[in-house]
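The values are calculated or read from the model by the stated rules, or taken from the named source; none is laboratory data. Since we're looking at a predicted model, the values are computed, not measured. Reconstructed Cβ throughout: ideal geometry from the backbone, glycine too, with neighbour counts over all protein chains shown. SASA here: full protein model, heavy atoms, side chains in, ligands and nucleic acids out. Shrake-Rupley method; radii C 1.70, N 1.55, O 1.52, S 1.80 Å.
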Amino acid sequence: MNFMRQRIWRVIVTSAVLFVAVTVHATEVPFLAGRVNDVAGILSNSTHAELESLLKAHEDSTSNQVAVLIILSLEGESLEEFSIKVAETWKLGQKGKDNGVLLLVAKEDRKVRIEVGRGLEGDLTDQTSGMIIRHEIVPRFRDGDYDAGVRAGVIAILGAIKGSYKPEAAEWGEVGGRIFAFLIFIVVVGIFTVIALLSKGFVSWFLYVFLLPFWGAFPPAILGMVPGLALFGTYAIGFLILKFWLLKSAGGANFLKRITKSGFLVSSAAGGWSSSGSSWSSSSGGSFSGGGGSFGGGGSSGGW
C-alpha cells in the first residue's frame with residue numbers, strides 16, 4: 001500500500017514539475033506598446049516612426065488595426081500558436097468587425113507570420129499573405145535589411161486590404177502551378193466522384209465517405225481556405241442532392257438509362273453500375289489597446 005502511495009505521489013510531483021517547466025519556458029506575450037512593437041530592437045528609429053505613422057493613418061481612415069511584433073526567439077514555441085496567442089491577447093481589430101492583422105517576426109528563429117482577423121480574410125487571404133511573405137519580406141530579410149523587409153511587408157498588407165496589391169510577375173509561375181495541380185486533382189478525384197455518384201449500394205457510399213478527406217484537404221491547400229472549403233461543401237452537400245435525384249426521380253432514372261445506353265456505364269451482375277472509362281485607444285500618456293477583435297487562424301507563415 002505504501003509503495004502504491006509513493007508511486008502516486010511521484011506521478012503527481014513529476015506532472016506538476018513538467019507543468020511548471022512548460023509554463024516557465026512558454027514565450028510571454030509582450031505588452032502592447034504601440035502599433036509597432038520591436039522587442040528585438042532591429043528596426044531603426046526612423047523606420048519605427050514611419051511605420052507607426054503609416055499604420056495610424058490607415059486605422060484612422062478604415063478602422064482596421066494592423067500591428068507589428070518583432071521578437072528575438074519563440075523559445076521553442078510554435079510560430080502559429082504564439083501568433084494567435086498574441087493576436088487574441090492584444091485583441092486587435094474592432095469587436096464585431098474582427099478587422100485586425102498581426103505581422104510577427106521571430107529573428108533568431110528566422111520565421112515570419114501574418115495573422116489575419118476573420119473580418120479581413122476575404123481581402124488578405126492565406127494565398128496573398130503567403131505572397132507578401134515570400135516576395136516582399138523574406139528576400140529583404142535574407143539580405144539582412146530588416147527595415148526594408150518590415151516596411152515592404154506592412155505596405156503590401158495595407159495594399160492587399162485596399163485591393164491594390166498585385167503579385168510580382170514571378171508569382172504567376174506559382175499560380176500556373178496551382179492551376180495545373182487543381183486540374184490533376186479534378187481529373188483524378190473527379191473520376192472516382194462520378195463512379196461514386198453513379199454506383200449503387202455499398203460501393204457508392206463507401207467512395208463518398210472515402211473521398212471526403214480528399215475534397216477537404218486538397219482544394220484549400222491549392223486554392224486557399226475560403227474557396228477550398230466552399231468546394232468541399234459543394235461536394236459534401238451536392239453529392240447527396242444529386243444522389244437523391246438519381247435514385248428517387250424519374251428524370252434521374254432516365255438519365256441513368258441514357259448513360260447506360262451510351263456505353264459509359266455497364267450494368268453489373270448485382271444490378272449496380274461501374275465506370276468504364278474595436279479600436280485602438282490613445283491618450284496623452286501614449287497608451288494603446290486592442291478593440292476586442294477575434295482571429296480564426298487565417299494567414300500564412302514563412303521563413304528565411
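Tallying residues that are surrounded by fewer than 20 Cβ atoms within 10 Å (Cβ to Cβ) and of a type outside the set (Gly, Ala, Ser) within segment 38-47 yields 4. Restricting the first member to segment 241-260 and to residues that are over 20 Å from residue 208 (Cα atoms), and the second to residues that are open to solvent by 40 Å² or more (accessible area, probe 1.4 Å) and not polar (S, T, N, Q), the beta-carbon pairs closer than 8 Å and six or more apart or on different chains are 251/245; 260/266; 260/273.
Okay, residues lined up against (1) of a type in the set (A, V, I, L, M); (2) under 28 Å from residue 125 (Cα atoms); (3) under 19 Å from the mean Cα position of the chain (by Cα); (4) modelled with pLDDT of 90 or more:
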position	(1), (2), (3), (4)
39	yes, yes, no, yes
74	yes, yes, no, no
82	no, yes, yes, yes
91	no, yes, yes, no
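Within segment 200-222, residues that are closer than 25 Å to residue 253 by Cβ have Cβ atoms under 9 Å from residues that are at pLDDT 90 or above and open to solvent by 70 Å² or more (accessible area, probe 1.4 Å) in these pairs: 207/192; 208/240; 211/192, counting only partners at least 6 apart in sequence or on another chain. Residues that are touching a Phe, Trp or Tyr at 6+ places or on another chain (Cβ under 8 Å) and closer than 23 Å to residue 96 by Cα within segment 57-82 comprise 59, 65, 67, listed in sequence order.
A single member of 196, 160 is in a helix (DSSP H, G or I) and farther than 23 Å from residue 217 by Cβ, and it is 160.
Residue selection: residue 198 satisfies the criterion of being among the aliphatic types (A, V, I, L, M), more than 19 Å from the chain's Cα centre (by Cα) and buried (at least 18 other Cβ atoms within 10 Å of the Cβ). Within segment 76-96, the only residue that satisfies the criterion of being in contact with a Ser or Thr (Cβ under 7 Å, 6 or more places away or on another chain), open to solvent by 60 Å² or more (accessible area, probe 1.4 Å) and farther than 20 Å from residue 34 by Cα is 80. Condition check: open to solvent by 30 Å² or more (accessible area, probe 1.4 Å), more than 18 Å from residue 237 (Cα to Cα) and modelled with pLDDT of 90 or more. Does residue 183 satisfy that? Considered against the rule, which asks whether it is open to solvent by 30 Å² or more (accessible area, probe 1.4 Å), more than 18 Å from residue 237 (Cα to Cα) and modelled with pLDDT of 90 or more, residue 183 comes out as yes. Among the criteria (1) modelled with pLDDT under 85; (2) more than 21 Å from the chain's Cα centre (by Cα), the one residue 300 does not fulfil is (2).
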